[in-house]
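Remarks on the structure that follows.
The values are calculated or read from the model by the stated rules, or taken from the named source; none is laboratory data. Everything numeric in this text was worked out from a predicted model, so none of it was measured. Note that each Cβ is placed from the backbone with ideal geometry, even for glycine, and that neighbours are counted across all protein chains shown.
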Amino acid sequence: MWQFFHKLGSPKWFFGIAARLMPWLLAGGILLLMAGIVWGLAFAPKDYLQGNSYRIIFIHVPTAFLAQSVYVMMAVAAVVTLVWRMKLADVFVKSVAPVGLVLTFLSLFTGAVWGKPTWGTWWVWDARLTSMLILLFLYGGVIALDRAINDEKSAARAVSVLVLVGVVNIPIIQYSVEWWNTLHQPSTFKLTEKPSMPAEMWVPLLLSVLGMYLLFGWLACLRMQTEILLREQRTRWVKDYVLAGRG
Amino acid sequence: MHPIRKKRLTIVLFLLVGLGIAVGLTTYALRQNINLFYDPTQISAGEAPVDVRIRAGGMVEEGSVVRDPDSLMVEFKVTDFNASVPVQYTGILPDLFAEGQGVVAMGRLDGNGRFVADQVLAKHDENYMPPEVADALEKASKGQQKASGSAETVSY
């Protein structure tokens, strides 16, 4: 197991694995996401109360879901950076932070668009919306802190600490709708119970969430590859790779 | 595991646990301020301040909505099936506003225990279903006893 762990730390090894995985991630992601969104937007039945406006759930939930899980993945990578000083973990955090920022923004934006017709307001300072906004600022802070420090190693450590400090926000986002009175409704998907919507609604939702995960995997690989090439530009294998004309 | 790494891991774990406790205690202390609204039980128990802008949330009581025929004024009762608060509002209500639906109203409590709202937001729950299913459910629940059916869904 440890051998695999150390192999994972090798940027060159990861570069090759990523190149092999990426076509599958991209194809699967587009396929699932298209299936989920087309099914959800065009064929799923409308809601008895909200009519067609609930359909924004097929975009809102995948982005919100990913925004949080990307942060959790970043936190795991931050622990690896701090404890094992693994370069690749830092590459991951640096590469996916902007993706997380965009996903968080999208979930806030689609949520606001949804809130206007259903609640009657774009924005309300309830615990769920506010904690999600804090997540957006955390992503922004991670990116800014990384850019602000020139030295790669000290940047990696500072960013890791910030990411770890911010991870307490994730359970707050997750349970805000249960701990406090909020305008936002509780989760439709629960780990222990059946989803509180019929299958012809939750299956497309699940498809688009999975598609979003795969697409995120593809984007993460792509951005990490770029970052690896930048950081390892003086090494022999990068020179060979670029000279071979595949770069 | 290497001793230095073990030490680092312990530090990281301590950092996380410490932070978790700190944030947990803070949010626990602030829990009343984090709640978006007071529920009718709190208001009737006198926990909500009078004549201060607050929010009140709950379900619109069945059969309590009275519209003024000459203006946009609406009166209704907000309930949590434990206590209820009369609300007065002048303005356009959101589409989802209906009897038996959740709302959050913003406004002030006057001295007589009435809530004068200047904004009413609709709150919906996590349940989604196609209209046909909702119709069928409604028919089924009307066939049974009328009173017991509504008390099951207190997810305003």
Handout entry: Of residues in region B:86-107 being over 16 Å from the mean Cα position of the chain (by Cα) and surrounded by fewer than 20 Cβ atoms within 10 Å (Cβ to Cβ), the one modelled with the lowest pLDDT
Key = B:Asp95
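Yes or no, residue by residue, for (1) buried (at least 20 other Cβ atoms within 10 Å of the Cβ); (2) more than 18 Å from A:Asn169 (Cβ to Cβ):
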site: A:Ala67; (1), (2): yes, no
site: A:Tyr71; (1), (2): yes, no
site: A:Met74; (1), (2): yes, no
site: A:Ala78; (1), (2): yes, no
site: A:Val91; (1), (2): yes, yes
site: A:Ala97; (1), (2): yes, no
site: A:Phe109; (1), (2): no, yes
site: A:Trp122; (1), (2): no, yes
Exercise for the section: Please give the helices (runs of 4 or more DSSP H) falling wholly within region B:1-90 in which 3 or more residues are within 10 Å of chain A (Cβ to nearest Cβ) and touching a helix residue (DSSP H, G or I) at 6+ places or on another chain (Cβ under 8 Å). Expected result: B:3-29
Practice task
Return the residue satisfying two criteria in turn: it lies in region A:32-52 and is buried (at least 18 other Cβ atoms within 10 Å of the Cβ) and small (Gly, Ala, Ser), and of such residues it is farthest from the other protein chains (Cβ to nearest Cβ).
Solution key: A:Gly36
Handout entry: Condition check for A:Val93: touching a residue at least 60 places away in the same chain (Cβ under 8 Å), within 14 Å of chain B (Cβ to nearest Cβ) and among the aliphatic types (A, V, I, L, M)
Key = no
Problem - Residue satisfying all of: in region A:212-247; of a type in the set (S, T, N, Q) and in a loop (DSSP other than H, G, I, E, B); nearest to A:Trp13 (Cα to Cα) among these - result: A:Thr235
Completion exercise
Over region B:4-44, the set of residues more than 26 Å from A:Leu82 (Cβ to Cβ), surrounded by 15 or more Cβ atoms within 10 Å (Cβ to Cβ) and without any contact (Cβ under 8 Å) to a residue 12 or more places away in the chain is B:Ile34, B:Asn35, B:Gln42
Exercise for the section: Report yes if B:Phe76 is farther than 30 Å from A:Val165 by Cα, at pLDDT 90 or above, crowded, with 17+ Cβ neighbours inside 10 Å and not charged (D, E, K, R), otherwise no. Expected result: yes
Exercise for the section: Test A:Gly29 against the stated conditions and say whether it is under 18 Å from the mean Cα position of the chain (by Cα) and surrounded by 13 or more Cβ atoms within 10 Å (Cβ to Cβ). Expected result: yes
Practice task
Would you mind finding the one in A:Leu183, A:Leu129 that is over 22 Å from A:Val70 (Cα atoms) and facing chain B (nearest Cβ under 10 Å)?
Solution key: A:Leu183
Practice task
Out of the residues in region B:123-136 that are outside any loop (DSSP other than H, G, I, E, B) and at the interface with chain A (Cβ under 9 Å from one of its Cβ atoms), state the one that is farthest from the chain's Cα centre (by Cα).
Solution key: B:Glu132
